[in-house]
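These notes are about the structure you will find just below.
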Amino acid sequence: MKKHIELEMKEKTSKTIEFKDIVDNDVAFILFIQFSYFGTYGYDDSEKEDALQVHAMVYVFAEKFEVLELKSLALKKATSLCSKAITDTSATSLIKVLQFILPETIPIIYNSTYDSNTGKYPSTVTESADKDAISITTTSRDGFRMLLAKFAAHNIDSLRRNESFMSVLQDQPAFSADVLLFTGASAGFKTDGKGCLEF
């Protein structure tokens with residue numbers, strides 16, 4: 001937001017920023033304000049059916065206005081939500097809710113984020129046995145795209161019976177390519193304990 005006000009843009013003279021995109025909604029903005037004051041935002045994942053979608057909107061809002069800490073927090077909250085749905089055996093209703101909201105969440109992320117490495121598996125840097133750093137070219141991927149693709153691949157058997165999900169696969173070829181990266185992956189769905197997805 002700072003760049004909109006400091007640069008010679010219409011926002012500087014009008015001292016107003018208009019939110020016109022679909023992801024520029026009041027919920028994402030309110031959660032941004034909450035984050036600005038408290039360094040976090042509260043959105044009760046267990047109470048709200050649209051929690052994944054809201055985290056996606058906050059993520060896109062934060063990317064658009066370059067609030068990197070908020071973007072990271074939204075991804076961690078969404079990752080935690082998806083991880084809980086998969087690992088907590090008592091959370092069967094949560095996984096059904098996420099599968100229901102997934103087709104609405106995918107276009108928010110895939111239409112509003114950019115990833116030049118669609119369909120490429122994200123690489124990780126490893127160290128050698130003698131602790132010398134090895135320089136490995138990494139493939140940088142958008143974290144929320146990878147989260148949605150991996151979650152969908154993990155639940156593909158039930159999702160393929162969901163007409164809305166099948167429509168999204170047709171409408172979002174980048175998402176389809178990313179889902180293929182994780183279909184049949186034996187690693188499962190794991191996080192690093194800090195709320196980040198492991199590949």
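The values are calculated or read from the model by the stated rules, or taken from the named source; none is laboratory data. Keep in mind the model is a prediction, meaning the values are calculated, not measured. All Cβ positions, glycine included, derive from the backbone under ideal geometry; neighbour counts span all protein chains shown.
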Tell me, which residue of the stretch 33-51 that is part of a helix (DSSP H, G or I) and hydroxyl-bearing (Ser, Thr, Tyr) is farthest from residue 98 (Cα to Cα)? 37
In the stretch 52-71, residues that are assigned to a helix (DSSP H, G or I) and more than 19 Å from residue 110 (Cβ to Cβ) total 3
Which numbered condition trips up residue 192, out of (1) modelled with pLDDT under 90; (2) in contact with a helix residue (DSSP H, G or I) (Cβ under 9 Å, 6 or more places away or on another chain); (3) closer than 22 Å to residue 81 by Cα; (4) surrounded by fewer than 19 Cβ atoms within 10 Å (Cβ to Cβ)? (2)
Taking the stretch 105-121, which residues are in a helix (DSSP H, G or I) and either modelled with pLDDT under 90 or buried (at least 16 other Cβ atoms within 10 Å of the Cβ) (or both)? 105, 106, 108, 109, 110, 112
Of all residues in the stretch 47-68, which are closer than 20 Å to residue 36 by Cβ and without any contact (Cβ under 8 Å) to a residue 24 or more places away in the chain? 68
Scanning the stretch 142-183 residue by residue, those free of Cβ contacts under 8 Å to residues at least 12 places away in the same chain and surrounded by fewer than 16 Cβ atoms within 10 Å (Cβ to Cβ) turn out to be 157, 160, 161, 163, 166, 170, 173
Please tell me if residue 102 is surrounded by 14 or more Cβ atoms within 10 Å (Cβ to Cβ), assigned to a helix (DSSP H, G or I), of a type in the set (A, V, I, L, M, F, W, C) and touching a helix residue (DSSP H, G or I) at 6+ places or on another chain (Cβ under 6 Å). no
By residue number, the members of the stretch 84-99 that are polar (S, T, N, Q) and buried (at least 18 other Cβ atoms within 10 Å of the Cβ) are 99
Residue check for residue 93: more than 15 Å from residue 146 (Cβ to Cβ), part of a helix (DSSP H, G or I) and among the hydroxyl-bearing types (Ser, Thr, Tyr): yes
Evaluate the stretch 30-39: report whether one residue or more is within 18 Å of residue 194 (Cα to Cα), at pLDDT 90 or above, surrounded by 18 or more Cβ atoms within 10 Å (Cβ to Cβ) and of a type in the set (A, V, I, L, M). no
